[in-house]
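Right, one structure below, let's go through it.
A short reminder: the numbers here are calculations on the coordinates, not readings from a lab. Everything quoted here is computed from the prediction, not taken from an experiment. Ideal geometry is used to build each Cβ from the backbone, glycine not excepted, and the neighbour counts take in all protein chains shown.
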Ligand code: AMP
């Protein structure tokens, strides 16, 4: 998607600070961190939101969930962390390329704002 900022990050057209990358996903630091550690995990495949996934994405989505633990360990989140996927307008999604927020190094609040 040519006008998607996360696709541009994936293609190296917009700089980002990469935490982890493989053939399926990219993890980079959020530009506006809401915790001492705030990373975003994206699939390299453009999927706009959780509302736009299909059966063929099940393996990729499972792969991402399974990789969260490894990325959290890489970032030293040994005391726990929060995983968030915002979806749509009420979910306050602002970038329409599905992404997993991984936040840590502070105590999270519940319920979320
Ligand atoms: P969401 O509101 O769930 O769609 O989250 C989008 C996230 O992307 C926000 O936390 C933004 O701070 C973050 N973001 C937007 N542009 C960039 C960028 N160029 N590099 C890193 N993070 C970004």
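Please determine, in degrees from 0 to 90 and to the nearest 10, the orientation of helix 58-74 with respect to the longest principal axis defined by the Cα atoms of the chain, where the helix direction is its Cα long axis.
Tilt of helix 58-74: around 40 degrees.
Over what distance in Å are the Cα centres of the range 8-48 and the range 62-113 separated?
Cα centroid to Cα centroid, the span is 12 Å.
Given N residues in the range 5-104, what is its alpha carbon radius of gyration divided by 2.2 N^0.38 Å?
That works out to 1.01 for the range 5-104.
Measure of size requested: the Rg and Dmax of the range 55-113, with Cα atoms as the atom set and Å as the unit; please supply both.
Spelled out, the Cα radius of gyration and Dmax of the range 55-113 are 13.0, 36 Å.
Order these by the 10 Å Cβ neighbour count, fewest first: 102, 9.
In order of increasing Cβ crowding within 10 Å: 9, 102.
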